[in-house]
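Since the structure comes first, as structure tokens, the remarks are kept for the end.
The values are calculated or read from the model by the stated rules, or taken from the named source; none is laboratory data. Here the structure is a predicted model, which means the values were calculated and not measured. Ideal geometry is used to build each Cβ from the backbone, glycine not excepted, and the neighbour counts take in all protein chains shown. What goes into the accessible areas is simple: the full protein's heavy atoms, side chains included, and nothing from ligands, DNA or RNA. Shrake-Rupley method; radii C 1.70, N 1.55, O 1.52, S 1.80 Å.
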Amino acid sequence: MKRCFLFAALMTALSTNGQSMDALLKSVEQNNAQLIAYKKAADATKSANHAEVVMDDLELGYNRLWGNPTTIGNRHDISVSQPIDLTTVFGTKSKVAKGKDALADDEYLVKRQDVLLEARLCYVDAVYYNALINELQRRCEHASAMSAMQKKQLEAGDISIIDYNNMRLTLSNTSTALIQAKAERDAVLAQLKVLNGGIDISVTDSVYSPISLPENFDEWFETVCASSPTIALTRDGMTLGRRQLALAQQGWLPKLSLGYMSEKTLGEQYQGVTIGMSLPLWSAGKKVKQAKAEVAAAESIHAAAIEGLKSVLSSEYALTKGLIKAASEIKSTLLSTDNRENLQKSCRAGEMSTLENLVSLTSYYDAVDKMLSSEREAQRAYARLTMYLL
């Protein structure tokens with residue numbers, strides 16, 4: 001329930017227009033062929049884990065012995081016995097099986113996390129290309145209008161053929177960039193289709209939601225540790241190791257056998273209860289030693305996983321913070337220095353040459369491209385930072 005709550009909260013924060021991101025990730029989770037296969041594999045593994053958590057099979061025996069001489073008659077033996085494994089009776093094997101179930105679930109969640117992160121990064125790229133295509137379409141419209149205007153100026157003798165050709169080159173370059181951006185967006189959507197099990201999926205958003213970084217990294221990291229399937233995998237590995245140690249320690253317990261036996265001969269019959277016992281004198285000690293070593297290893301792996309994750313997320317946190325700042329600063333600068341309308345008016349009035357107009361526009365367009373790229377990289381970094389909450 002906690003993971004579901006965090007997932008829902010994260011999706012609410014990421015969604016650009018309501019349920020866009022949420023719907024996309026839910027669709028991928030339901031339709032992704034790999035996740036479907038991983039889920040079936042996890043279910044099969046859990047079934048196998050419990051296949052051995054049963055009492056041993058009942059043992060039946062029948063003997064028919066012919067007497068010699070024949071005057072003593074034949075002998076008939078019937079026996080029924082039930083081996084009793086105390087580790088099964090005490091529920092220790094069941095606890096080990098449940099521990100293995102938890103690992104199977106964790107492994108599935110790790111794979112699910114990787115698939116959803118890939119889908120989320122594709123979504124970020126698709127939004128970027130939507131925004132870039134919108135921007136390039138505006139540039140093409142502007143360049144087309146300027147080219148038409150300058151064609152009239154050329155015919156009137158107000159500008160040179162060089163100025164006109166420069167504008168035509170600008171229009172051609174912008175049109176080429178637009179075609180390329182559409183092709184790259186189609187490639188991203190094709191990848192999303194693969195992740196969605198071959199079902200078409202569309203992304204219409206062209207603006208990202210604002211990123212809200214946690215103010216206290218250490219407190220936020222504790223939340224990540226409690227929710228991360230990667231950490232859960234090592235934590236449940238420790239739990240399983242301790243249960244396996246308890247199972248190994250119970251290996252010193254004798255294995256019992258309880259049953260019934262009947263022996264019948266000519267004129268005589270014996271019947272009654274049979275009790276057997278198997279003493280594990282030689283193997284139990286080595287199994288306990290091995291189990292203790294595995295517990296120590298699991299504890300070390302868990303501690304290393306936490307430290308490794310903290311190091312990775314700390315780096316991603318700093319990167320995300322820096323990229324957000326860079327995108328915010330360049331966006332603020334663009335809002336205060338947008339001279340496109342003034343440049344167009346000056347060019348029409350003949351107050352500046354086509355070359356001067358193109359140089360000024362190119363500087364502005366370069367800044368817009370950097371802003372879009374910075375926003376994209378910030379969103380990708382934030383996706384990696386919060387992937388453990390998916």
Compute the distance in nm between two label points, each set 7 Å from the Cα along the Cα-to-Cβ direction, one at Leu154 and one at Asn31. 4.8 nm
Would you compute, from DSSP H runs of 4+ residues alone, the mean residue ellipticity of the chain at 222 nm, taking -39500 (n - 2.57) per run and dividing by the full residue count, rounded to the nearest 500? -24500 deg cm²/dmol
Tilt, helix 92-155 to longest principal axis of the chain (alpha-carbon atoms), in degrees rounded to tens, equals 10 degrees
Run the 1.4 Å probe and let me know the accessible area of His76, rounded to the nearest 10 Å². 50 Å²
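Going from most exposed to least, what order do Glu184, Glu219 have by accessible area with a 1.4 Å probe? Each step should come with its number before you reach the end.
On the way: Glu184 65, Glu219 125 Å².
Listed by decreasing accessible area, they come as Glu219, Glu184.
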Taking Cα atoms, the helix 33-49 axis meets the longest principal axis of the chain at an angle in degrees (rounded to 10) of 20 degrees
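Tell me, Kirkwood radius of region 141-243 from alpha-carbon pair distances, in Å?
Details: mean 1/r = 0.0501 Å⁻¹.
After inverting the mean inverse Cα-Cα distance, the result is 20.0 Å.
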Could you tell me what percent of the accessible area of region 254-293 is made up of carbon and sulfur, with a 1.4 Å probe and every protein chain present? 61 percent
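In region 67-224, carbon and sulfur make up what percent of the accessible area (probe 1.4 Å)?
That fraction is 53 percent.
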Using θ = phi - 60° and the Karplus curve 6.51 cos²θ - 1.76 cosθ + 1.60, what whole-Hz ³J(HN,Hα) does each residue of region 364-379 get, with Gly and Pro shown as x? 5, 5, 4, 5, 5, 4, 5, 5, 4, 5, 5, 4, 4, 5, 5, 5
With every protein chain left in place and a probe of 1.4 Å, what is the accessible surface of Cys140, to the nearest 10 Å²? 20 Å²
Filter the cross-link list Lys151/Lys182; Lys46/Lys321; Lys39/Lys310; Lys264/Lys287; Lys98/Lys287 down to pairs whose alpha-carbon distance in this structure exceeds 32 Å. Lys46/Lys321; Lys264/Lys287
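So what is the accessible area of region 147-202 per residue, in Å², with the probe set to 1.4 Å?
I get 60 Å² per residue for region 147-202.
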So how far apart, in nm, are the two label points at Asp200 and Gln271 if each is 7 Å from Cα heading toward Cβ? 7.8 nm
Provide Trp252, Trp220, Trp66 ordered by accessible surface of protein heavy atoms (probe 1.4 Å), highest first. Trp66, Trp252, Trp220
Each label point is 7 Å from the Cα along the Cα-to-Cβ direction; what then is the distance between the points at Leu65 and Ala44, in nm? 4.9 nm
Using a 1.4 angstrom probe with every protein chain in place, what is the largest-first accessible-area order of Phe221, Phe90? Phe90, Phe221
Could you work out the relative contact order of the chain? I mean the mean sequence separation of Cα pairs under 8 Å and 6+ apart, divided by the number of residues, in percent. 24 percent
Just how much of Ser314 is accessible, in Å², when a 1.4 Å probe is used and the result is rounded to the nearest 10? 60 Å²
Name the residue, out of Glu268, Glu59, Glu118, whose mean-square fluctuation peaks in a Gaussian network model built on the chain with Cα pairs under 10 Å. Glu268
Mean projected area (nm²) of the alpha-carbon convex hull when the chain is viewed from all directions: 30.4 nm²
List the lysines whose Cα sits under 19 Å from the Cα of Lys152, skipping any in the same chain fewer than 8 residues away. Lys345
Whichever aspartates and glutamates have a C-alpha closer than 12 Å to that of Lys111, once near sequence neighbours (fewer than 8 apart) are set aside: Glu29
Given a Förster distance of 45 Å, the FRET efficiency implied by the Cβ-Cβ spacing of Ala304 and Ala367, rounded to the nearest 0.05, works out to 0.55
